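All remarks here apply to the structure that follows.
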Amino acid sequence: MTRSDTAGAAHDGGDGPAGERGRRVGRARATAAALVSALVLLVAGAGWLYLRLNGDITTFGEDGLSRDRPAAGGGTNVLVIGSDSRAGRNRRLGGGEGDVGRSDTAFLLHVYGDGRHALAVSFPRDALMQIPPCRLPDGRWTPQRPAAMFNSAFTVGRTANGNPACTQNTVERLTGLRVDHTVVVDFAGFATLTTAVGGVSVCLPQDVYEGDLDPHRAVRGRLVFPRGPQTVSGQRALDYVRLRHGLGDGSDIGRIKRQQAFTAALIKKVRARGMNPSALFPLARAATAAMTVDPGLGSADRLLAFALSMKDVDLHNTKFLTLPWRYQGARVAVVHPDADRLWSALRADRPVDGAAARPGAKDDGKAGLPAPAPQAPPSTGGVGIAVYNGTTAPGLAAHAAAELRAVGFNVTRTDTAATQQHTATVIAYGAGQQGPARTVARYFPGAVLQQTTAPGVTLILGRDYADGPALGAGAPAERAAGAARSAADDPCSDLSYG
């Protein structure tokens, strides 16, 4: 074969060695071209998705933030606000009444500096606290209010989308923590997100009917949620987290516990899908269309970067806690110094309830809220105590019953008294029960002892207890905050206060 024949054979892809090399090179080039094409498509698709996400993200102005803010500390603090706005797509999902944006759900997420622990602290909507000066839509600033409900901060200015800057100012004033980012999620965004993850596992302590969703209904209606574990998304997920009536003591505190369980289950579902951009993109697309954030999170890359920064926080180290509280009449008061110790620990990036540790620190569980001191149970002689709420304050009987059980009493019943105008707490006792009644009275200073013909001991709670419920020296510290919930906990555990 001549040189020209060899060259031709090679060029034509013959059976010689050169021909085989030619086929391999051709296949390699084709494969490379396919890979390059795929990369171009992926990059172009990602770019389009970034543009789509960026176009969907709404930010609120920083001009409403206080001029006197706390200094930055260890870790990152993110305020998450659930909005009941009826604006836009929210109207068909049953947002709050009227045209003013409201919020009954808020928590502060502290991501520790070690990047491996996080703690979310929920704020009861009825908690009384100082609302600092807040900016109105016309640029004027309101005077501070010394004892207003926490959720009233979001309604300052009475706009359709609420006032997240005012809520952020309130949280910073209360905690002394600098809020690094604020995120507002409305009904539509929440419903879409729960659908995008394929539903969230929840649990109900009892059957729930239509009348429980709407207490103004004249009839009980059909069964909406059966008792036990189930998966919810969209409208049903909204109905679950908004449930209050017909469960536990019907209080907002009970609802907070179920919302914490829901958030834990949602985090578990998201992590199961993978903490990487390809898994997070669809969720980001579902959420951003109905999300309002501070300017620091106002782009797709910043949102995704923040989400990915939490990839090393496992479920056991993601904890939930409620602001230390007690009932004050029909409202909720912040319990001091328990709350002060909580905020002090977070400002120093120290562990709370064993929830986290700053980088290099030993998590010895000594910082933050102390465990309640062990109490010797009182001697009640086996006498049962019936507890009745003699006021209009919601959940009072369940609250007192929990405290009584915690110190060793046998509570046989909780209910509402025949009249709800009791000023003083009354301890009624039957024949031979004066001793046990006096033991109960040790935990209710100022209570009135009355002998009756009914057997056993009956406790009727009055306004004096509603205005400052505390069981004397024997009051368990857990009334103020409770134990932290982990995202790894059973979704059916600890669902309802009361």
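Those residues that are open to solvent by 20 Å² or more (accessible area, probe 1.4 Å) and either assigned to a strand (DSSP E or B) or modelled with pLDDT under 80 (or both), I need them from segment 63-81; list them, please. Once the filter is applied, which keeps residues that are open to solvent by 20 Å² or more (accessible area, probe 1.4 Å) and either assigned to a strand (DSSP E or B) or modelled with pLDDT under 80 (or both), segment 63-81 yields THR76, VAL80. Cβ-Cβ distances below 6 Å connect the following pairs, each with a first residue in segment 103-117 that is more than 13 Å from ASP314 (Cβ to Cβ) and charged (D, E, K, R), a second residue that is part of a loop (DSSP other than H, G, I, E, B) and open to solvent by 10 Å² or more (accessible area, probe 1.4 Å), and a separation of six or more residues or different chains: ASP104/ARG125.
Residue by residue, here is whether (1) open to solvent by 20 Å² or more (accessible area, probe 1.4 Å); (2) assigned to a strand (DSSP E or B); (3) modelled with pLDDT of 85 or more holds:
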residue	(1), (2), (3)
PRO394	yes, no, no
GLU403	no, no, no
VAL411	no, yes, yes
THR439	yes, no, no
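It is to be established whether one or more residues within segment 417-435 are touching a residue at least 40 places away in the same chain (Cβ under 8 Å), surrounded by fewer than 15 Cβ atoms within 10 Å (Cβ to Cβ) and either at positive phi or not basic (Lys, Arg) (or both).
Yes, some residue in segment 417-435 is touching a residue at least 40 places away in the same chain (Cβ under 8 Å), surrounded by fewer than 15 Cβ atoms within 10 Å (Cβ to Cβ) and either at positive phi or not basic (Lys, Arg) (or both).
For the structure I just gave you, tell me whether ARG158 is over 23 Å from the mean Cα position of the chain (by Cα), outside any strand (DSSP E or B) and closer than 28 Å to LEU495 by Cβ. The answer is no for ARG158. Of all residues in segment 123-146, those being farther than 30 Å from TYR327 by Cβ, among the hydrophobic types (A, V, I, L, M, F, W, C) and assigned to a loop (DSSP other than H, G, I, E, B) number 1. Checked against (1) at pLDDT 95 or above; (2) in contact with a helix residue (DSSP H, G or I) (Cβ under 8 Å, 6 or more places away or on another chain), PRO164 meets all criteria but (1). Of the residues making up segment 400-458, those that are more than 14 Å from TYR388 (Cβ to Cβ) and of a type in the set (Lys, Arg) are ARG405, ARG438, ARG442. Screening ASN151 against (1) open to solvent by less than 20 Å² (accessible area, probe 1.4 Å); (2) under 19 Å from the mean Cα position of the chain (by Cα) leaves a single unmet condition, (1). If you go through segment 275-289 and keep only what is in contact with a Leu (Cβ under 8 Å, 6 or more places away or on another chain) and either open to solvent by less than 50 Å² (accessible area, probe 1.4 Å) or of a type in the set (Gly, Ala, Ser) (or both), you end up with MET275, LEU280, PHE281, LEU283, ALA284, ALA286, ALA287, THR288. Of all residue pairs spaced 6 or more apart or on separate chains, those with beta-carbon atoms under 7 Å, a first member in segment 202-229 that is at positive phi and a second member that is of a type in the set (D, E, K, R) and open to solvent by 20 Å² or more (accessible area, probe 1.4 Å) are GLY221/GLU210. I'd like the residue in segment 254-271 that is aliphatic (A, V, I, L, M) and open to solvent by 20 Å² or more (accessible area, probe 1.4 Å) and, out of all such residues, is farthest from PRO324 (Cα to Cα). The qualifying residue farthest from PRO324 (Cα to Cα) is VAL270. Residues of segment 128-164 that are closer than 16 Å to ILE81 by Cβ, aliphatic (A, V, I, L, M) and out of contact with any Cys (no Cβ under 7 Å at 6 or more places or on another chain): MET129, ILE131, MET149, ALA160. Suppose we keep only residues that are part of a loop (DSSP other than H, G, I, E, B), open to solvent by 60 Å² or more (accessible area, probe 1.4 Å) and not small (Gly, Ala, Ser) within segment 441-458. Which one would you say is modelled with the lowest pLDDT? Here the answer is PRO445. Being touching a residue at least 12 places away in the same chain (Cβ under 8 Å), at negative phi, surrounded by fewer than 18 Cβ atoms within 10 Å (Cβ to Cβ) and among the charged types (D, E, K, R) holds for only one residue in ASP314, ASP294, and it is ASP314. Being of a type in the set (Ser, Thr, Tyr) and over 30 Å from ALA401 (Cβ atoms): is that true of THR292 here? The answer is yes for THR292.
The residue pairs whose first member lies in segment 317-329 and is over 20 Å from TRP343 (Cβ atoms), whose second member is of a type in the set (Asp, Glu) and open to solvent by 10 Å² or more (accessible area, probe 1.4 Å), and whose beta carbons are closer than 9 Å, counting only pairs six or more residues apart or on different chains, are TYR327/ASP467; GLY329/ASP467. Test ALA290 against the stated conditions and say whether it is under 20 Å from GLY189 (Cα atoms) and at pLDDT below 80. In short, yes.
The values are calculated or read from the model by the stated rules, or taken from the named source; none is laboratory data. Predicted model only: the values in this text are computed from it and were never measured. Using ideal geometry, Cβ is built from the backbone for each residue, glycine included, and neighbour counts are taken over all protein chains shown. All accessible areas refer to the heavy atoms of the entire protein, side chains included, with ligands and DNA or RNA removed. Shrake-Rupley method; radii C 1.70, N 1.55, O 1.52, S 1.80 Å.
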